[in-house]
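Novice: My questions will all concern the structure given below.
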Amino acid sequence: MKIGIDARVLDRQITGTGRYLLNILLELPKQDNVNEYYIFTGSELPVDKSFYKIINYKKSIIPFKIYSPYYINVILPKLLKANNIDILFSANVLIPIVKMPGIKCISVIHDAIPWIYPEYYPFFYKRYLNFFVPRSLKMSDVVVTVSEHSKRDLSELFNLSDHKIKVVYNTALSKFRPAADIADRTISEKLELPDKYLLYVGAIEKRKNVLGLIKIFDMLREKGSDLKLVIIGKPGYDNKRIMPEIEKRSESIKYLQFLGDDLLTYVYQRAFSFIFPSYYEGFGIPPLEAMQCGIPVLSSDTSALNEVVGDGGLLHPPHNYIGFVNDICKLEKDIEFYNFMKSKALEQSKKFNIQDNTKKVIDIFNGLESK
């Protein structure tokens with residue numbers, strides 16, 4: 001079969017959706033020697049050019065979200081038809097809303113956050129999603145999501161049958177692993193990292209409970225802890241109250257907006273522990289990256305985080321600040337407990353591997369051929 005992959009999410013700075021697709025693209029050549037794969041992209045991608053046929057289209061100067069409906073419904077169908085594609089795989093949920101004869105469609109939707117917590121999104125973006133997403137899901141032959149929790153939410157919201165929606169977990173890159181040696185202080189000095197710090201990685205926005213994180217940190221400092229806090233992430237929607245609170249604590253909070261994977265891996269490896277008190281996640285890649293690096297993880301127990309972190313970390317409701325503080329203090333004071341949580345993190349991370357997940361994707365492709 002000829003499988004076309006809409007890779008527009010890789011035409012911009014990579015987020016969780018882009019990482020999900022790129023991990024699959026890097027693994028497919030190792031597992032599938034039967035199907036033919038075509039990647040539709042406007043960028044140079046770090047993939048095996050001998051395995052994929054790259055179909056480049058001209059990138060638009062129009063903003064991504066404005067141009068997207070035109071690309072999906074006018075340009076992409078022409079590209080699919082010209083290359084005799086049998087299956088379209090869209091990692092960013094949207095597919096053409098008019099049925100394309102002879103082409104089956106798989107859409108990937110990572111979470112139901114815009115419908116469960118609409119207050120976390122701008123008005124016009126919600127209107128955009130409410131128009132296109134239900135139509136794309138209805139037109140899809142298979143809908144893929146990234147956790148059992150997201151599957152339940154999406155099934156209820158969009159009345160998706162159990163056989164139509166499949167779970168293929170997110171994964172973390174293999175470079176996120178325990179440090180062999182972190183004695184070299186060059187990178188720490190370059191990034192001006194504290195000697196001992198809690199780490200948070202994620203968008204700076206209300207949904208992530210960053211103000212709650214700062215509250216936890218303040219309470220920890222009041223108890224006499226010498227831990228600092230490192231926050232890595234881009235400012236997200238409605239962050240006006242959050243950024244001033246980070247800036248107000250510049251002596252104890254180090255803020256870095258973006259790091260490439262190599263530097264980010266180093267920052268994970270150097271961290272005392274990782275903290276993620278988010279209100280809602282469709283999956284939660286940063287806690288998995290942290291567990292894979294073998295550092296203790298503290299997380300909220302909401303949504304898919306219960307499923308992903310499980311007993312690989314210390315879980316609390318997002319507003320249980322005292323619970324988070326007490327566990328961090330215990331990690332500081334009890335070395336046996338600290339090492340136990342490191343081992344639990346590594347053990348849990350092994351449940352999410354790219355080899356198994358890519359096999360599930362290939363099985364979905366081949367299952368459509370037989371229908």
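Novice: Select from the range 205-252 the residues that are assigned to a strand (DSSP E or B) and under 18 Å from Ala290 (Cβ atoms) and list them in ascending order. Steps first, please.
Specialist: So in the range 205-252, the residues assigned to a strand (DSSP E or B) come out as 228-232, 235.
Residues satisfying the conditions are Lys228, Leu229, Val230, Ile231, Ile232.
Novice: Okay, moving on. Contact list please: Cβ distance under 7 Å, first residue in the range 64-80 and within 12 Å of Ile103 (Cβ to Cβ), second residue at pLDDT below 90 and open to solvent by less than 50 Å² (accessible area, probe 1.4 Å), pairs at least six apart or on different chains.
Specialist: Pairs found: Leu79/Tyr57.
Novice: Just checking, how many residues over the range 1-47 are touching a helix residue (DSSP H, G or I) at 6+ places or on another chain (Cβ under 6 Å), among the aromatic types (Phe, Trp, Tyr) and part of a helix (DSSP H, G or I)?
Specialist: Residues flagged as touching a helix residue (DSSP H, G or I) at 6+ places or on another chain (Cβ under 6 Å), among the aromatic types (Phe, Trp, Tyr) and part of a helix (DSSP H, G or I) within the range 1-47 amount to 0.
Novice: Next question, about the same structure. Do any helices (runs of 4 or more DSSP H) entirely within the range 71-188 hold 2 or more residues that are in contact with a Pro (Cβ under 7 Å, 6 or more places away or on another chain) and open to solvent by less than 40 Å² (accessible area, probe 1.4 Å), and if so, which?
Specialist: Values: elements: 76-82, 113-116, 123-139, 148-158.
In the range 71-188, the matching helices (runs of 4 or more DSSP H) lie at 76-82, 123-139.
Novice: Considering only the range 208-257, how many residues are of a type outside the set (A, V, I, L, M, F, W, C), open to solvent by less than 30 Å² (accessible area, probe 1.4 Å) and within 17 Å of Leu298 (Cα to Cα)?
Specialist: The initial filter retains those residues of the range 208-257 that are of a type outside the set (A, V, I, L, M, F, W, C), namely 208-209, 212, 215, 218, 221-226, 228, 233-241, 244-245, 247-252, 254-255, 257.
If we keep only those that are open to solvent by less than 30 Å² (accessible area, probe 1.4 Å) too, we end up with 208-209, 212, 225, 233, 236, 252.
With the extra rule that they be within 17 Å of Leu298 (Cα to Cα), the set shrinks to 208-209, 212, 225.
Counting residues in the range 208-257 that are of a type outside the set (A, V, I, L, M, F, W, C), open to solvent by less than 30 Å² (accessible area, probe 1.4 Å) and within 17 Å of Leu298 (Cα to Cα) gives 4.
Novice: What about Ser140, is it modelled with pLDDT of 95 or more, farther than 21 Å from Leu88 by Cβ and not charged (D, E, K, R)?
Specialist: Details: modelled with pLDDT of 95 or more: yes; farther than 21 Å from Leu88 by Cβ: no; not charged (D, E, K, R): yes.
No, not satisfied.
Novice: Further question: Only one of Asp11, Asp6 is in contact with a Ser or Thr (Cβ under 6 Å, 6 or more places away or on another chain), open to solvent by less than 10 Å² (accessible area, probe 1.4 Å) and within 23 Å of Lys81 (Cα to Cα); which? Steps first, please.
Specialist: Values: Asp11 fails: open to solvent by less than 10 Å² (accessible area, probe 1.4 Å).
The match here is Asp6.
Novice: To continue, here is another question. Consider Ala203 carefully, then state whether it is closer than 26 Å to Leu305 by Cα, of a type in the set (Gly, Ala, Ser) and either at pLDDT below 95 or touching a Ser or Thr at 6+ places or on another chain (Cβ under 7 Å) (or both). It would help to see each step written out before you state the result.
Specialist: Working: closer than 26 Å to Leu305 by Cα: yes; of a type in the set (Gly, Ala, Ser): yes; either at pLDDT below 95 or touching a Ser or Thr at 6+ places or on another chain (Cβ under 7 Å) (or both): yes.
Answer is yes for this residue.
Novice: Okay, moving on. How do the pairs read when you match residues in the range 238-252 that are at negative phi and among the charged types (D, E, K, R) with residues anywhere that are at pLDDT 95 or above and part of a helix (DSSP H, G or I), using Cβ under 7 Å and keeping only pairs 6 or more apart or on different chains?
Specialist: Hits for this filter: Arg241/Leu211; Glu245/Leu211; Glu245/Ile214.
Novice: Consider the range 339-365. How many of its residues are aromatic (Phe, Trp, Tyr), in contact (Cβ under 8 Å) with a residue 60 or more places away in the chain and farther than 14 Å from Ala172 by Cα? So that I can check it myself, show each step before the final result.
Specialist: Just the residues of the range 339-365 that are aromatic (Phe, Trp, Tyr), to begin with: 340, 352, 365.
Subsequent filtering for residues that are in contact (Cβ under 8 Å) with a residue 60 or more places away in the chain retains 352, 365.
Still in the running and farther than 14 Å from Ala172 by Cα: 365.
Final tally of qualifying residues: 1.
Novice: Something else now. Which one of these does Lys30 not meet: (1) surrounded by 15 or more Cβ atoms within 10 Å (Cβ to Cβ); (2) within 17 Å of Thr358 (Cβ to Cβ); (3) charged (D, E, K, R)?
Specialist: Against the list (1) surrounded by 15 or more Cβ atoms within 10 Å (Cβ to Cβ); (2) within 17 Å of Thr358 (Cβ to Cβ); (3) charged (D, E, K, R), Lys30 comes up short only on (1).
Novice: Another question about this same structure. Go through the residues of the range 68-85 one by one and say whether even a single one is modelled with pLDDT under 95, within 26 Å of Leu160 (Cα to Cα), under 22 Å from the mean Cα position of the chain (by Cα) and among the polar types (S, T, N, Q).
Specialist: Checking the range 68-85: at least one residue is modelled with pLDDT under 95, within 26 Å of Leu160 (Cα to Cα), under 22 Å from the mean Cα position of the chain (by Cα) and among the polar types (S, T, N, Q).
Novice: In a loop (DSSP other than H, G, I, E, B) and either out of contact with any Leu (no Cβ under 8 Å at 6 or more places or on another chain) or in contact (Cβ under 8 Å) with a residue 40 or more places away in the chain (or both): does that describe Lys58? Steps first, answer last, please.
Specialist: Values: in a loop (DSSP other than H, G, I, E, B): yes; either out of contact with any Leu (no Cβ under 8 Å at 6 or more places or on another chain) or in contact (Cβ under 8 Å) with a residue 40 or more places away in the chain (or both): yes.
Yes.
Novice: Inside the range 263-371, counting only strands (runs of 3 or more DSSP E) that do not spill past its ends, which hold 2 or more residues that are crowded, with 23+ Cβ neighbours inside 10 Å?
Specialist: Values: elements: 273-276, 297-300, 314-316.
The qualifying strands (runs of 3 or more DSSP E) are 273-276, 297-300.
Novice: Looking for something in contact with a helix residue (DSSP H, G or I) (Cβ under 9 Å, 6 or more places away or on another chain), among the β-branched types (Val, Ile, Thr), at pLDDT 95 or above and within 30 Å of Phe352 (Cα to Cα) - is there at least one such residue anywhere in the range 268-281? Spell out how you get there, then give the answer.
Specialist: Here is the first cut: in the range 268-281, the residues in contact with a helix residue (DSSP H, G or I) (Cβ under 9 Å, 6 or more places away or on another chain) are 268, 270-281.
Narrowing the set further to residues that are among the β-branched types (Val, Ile, Thr) leaves 275.
From what's left, at pLDDT 95 or above: 275.
Adding the requirement that they be within 30 Å of Phe352 (Cα to Cα) leaves 275.
Yes, because at least one residue in the range 268-281 is in contact with a helix residue (DSSP H, G or I) (Cβ under 9 Å, 6 or more places away or on another chain), among the β-branched types (Val, Ile, Thr), at pLDDT 95 or above and within 30 Å of Phe352 (Cα to Cα).
Novice: Hey, another quick one. Against the condition over 28 Å from Pro101 (Cβ atoms), assigned to a loop (DSSP other than H, G, I, E, B) and of a type in the set (Ser, Thr, Tyr), how does Ser50 come out, does it pass?
Specialist: Working: over 28 Å from Pro101 (Cβ atoms): yes; assigned to a loop (DSSP other than H, G, I, E, B): yes; of a type in the set (Ser, Thr, Tyr): yes.
Yes; evaluated as a whole, the condition is true for this residue.
Novice: Please pick out the residue among Leu45, Leu22 that is touching a Leu at 6+ places or on another chain (Cβ under 8 Å), farther than 18 Å from Leu88 by Cα and open to solvent by less than 20 Å² (accessible area, probe 1.4 Å). Show your work before the answer.
Specialist: Details: Leu22 fails: farther than 18 Å from Leu88 by Cα.
After ruling out the rest, the residue left standing is Leu45.
The values are calculated or read from the model by the stated rules, or taken from the named source; none is laboratory data. As the structure is a prediction and not an experimental result, all values here were calculated from the model. Positions of Cβ are backbone-derived with ideal geometry, glycine not excepted, and every protein chain shown enters the neighbour counts. The area values use the complete protein model at the heavy-atom level, side chains included, leaving out ligands, DNA and RNA. Shrake-Rupley method; radii C 1.70, N 1.55, O 1.52, S 1.80 Å.
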